[in-house]
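Asks: The structure follows.
The values are calculated or read from the model by the stated rules, or taken from the named source; none is laboratory data. This is a predicted model, so every value here is computed, not measured. Cβ atoms come from the backbone with ideal geometry, glycine included; neighbour counts cover every protein chain shown.
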Amino acid sequence: MTPQQFIAKWQRANLSERSACQQHFLDLCDLLDQPKPAAADPDGDWYTFERGVDKTAGGKGWADVWMRGHFGWEYKGKHKDLRRAYDQLLQYRESLENPPLLVVCDLGRFEIHTNFTGTAKRIYTFNLAGLADPENLDVLRKVFTDPQALKPGLTTESVTRQAAEQFGMLADGLRVRSIEAHRAAHFLMKLMFCMFAEDIRLLPAETFSKVLAAGKDDPQRLSDMLRNLFAAMSKGGYFGADEIEWFNGGLFADDDVIELHREEIEALIRINEQDWGSVEPSVFGTLFERSLDPAKRAQIGAHYTSRDDILTLLEPVVMAPLRHPV
């Protein structure tokens, strides 16, 4: 099967997920000249459709396709929410032996999420027409043949250090403007949390990025939009057309906003371009310390805490001081 034949066939297809997903995958195997599950693994031990799993949150599930050491693959029907498919794979991945790649597809779009331990996350994204591009075909072929070739070069630690340094410079600017330290720290942590929440899909896709883009040249407008977003996050509800979940914990108990200067907004937009889904939340504690104590400038990025220790860090270092300001 050629890329053009595959594209033409699946552009016409209007089948449900259940009716189409296995045939779609088998056609991909033909396109990429890769073995099919039943031929490669007749017993279904390491490469199979409908792999039974235990969900991390409890209950049972079925991964649409699984190849040990390579990928977990989840399908949705055309134009469906791929975020839900990815969330399913996150629930399945431990039972799937933590594959290095998590692939979601709606028959017309492909997202390949890297899942390598200790590395920054990367998402390879292309649509059906994109299969005519040899680079996209090569990425998809590596999913089957060489997943390690898709491993990102950056580590979570290096991404975290860079993000902490950039945010620390923004904190310095607020201090120069004589913004009270606790207020600055609280505001900056709200901004940081929005970046983190957007990239791990706790906020709808690009919600925060669109706010920054819309307010880039108008600080007052940006302040108004941030205030409305923070208010929605504090209670849950709607922000424009987006439904916002309720974020408990006290960080958004108020909608206080510090109006940023244009150069500060530009810096914030650059910071937002980081892969915040790969940033360790320990940066919250580092930022809080640095915002309150300029003497800790040299320590930026020096304290690195693993994700396993985050819960014990956030409460005493970040949340408790915010609830009981000095």
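Asks: Being part of a helix (DSSP H, G or I), out of contact with any Asp or Glu (no Cβ under 8 Å at 6 or more places or on another chain) and within 23 Å of Phe252 (Cβ to Cβ) narrows it down to one of Asp224, Asp172, so name that one.
Replies: Result of the check over Asp224, Asp172: Asp224.
Asks: Quick one: which of Phe167, Phe230, Phe196, Phe187 is of a type outside the set (Ser, Thr, Tyr), in a helix (DSSP H, G or I) and in contact with an Asp or Glu (Cβ under 6 Å, 6 or more places away or on another chain)?
Replies: Phe230
Asks: Now for a separate question. Suppose we keep only residues that are among the hydroxyl-bearing types (Ser, Thr, Tyr) and touching a Phe, Trp or Tyr at 6+ places or on another chain (Cβ under 8 Å) within the range 157-209. Which one would you say is modelled with the highest pLDDT?
Replies: This residue is Thr207.
Asks: Confirm whether Glu50 is closer than 18 Å to Val104 by Cα, surrounded by fewer than 17 Cβ atoms within 10 Å (Cβ to Cβ) and in contact with a strand residue (DSSP E or B) (Cβ under 6 Å, 6 or more places away or on another chain).
Replies: In short, yes.
Asks: Hand me the list of helices (runs of 4 or more DSSP H) wholly inside the range 3-44 holding 1 or more residues that are buried (at least 17 other Cβ atoms within 10 Å of the Cβ) and touching a residue at least 40 places away in the same chain (Cβ under 8 Å).
Replies: So the answer is 3-12, 17-32.
Asks: While we're here: So, in the range 252-271, exactly how many residues are farther than 23 Å from Arg161 by Cβ, crowded, with 18+ Cβ neighbours inside 10 Å and at pLDDT below 90?
Replies: 1
Asks: If you don't mind, another one. Would the range 241-251 turn up any residue that is in contact (Cβ under 8 Å) with a residue 40 or more places away in the chain and closer than 25 Å to Gln162 by Cα?
Replies: For the range 241-251, residues in contact (Cβ under 8 Å) with a residue 40 or more places away in the chain and closer than 25 Å to Gln162 by Cα: present.
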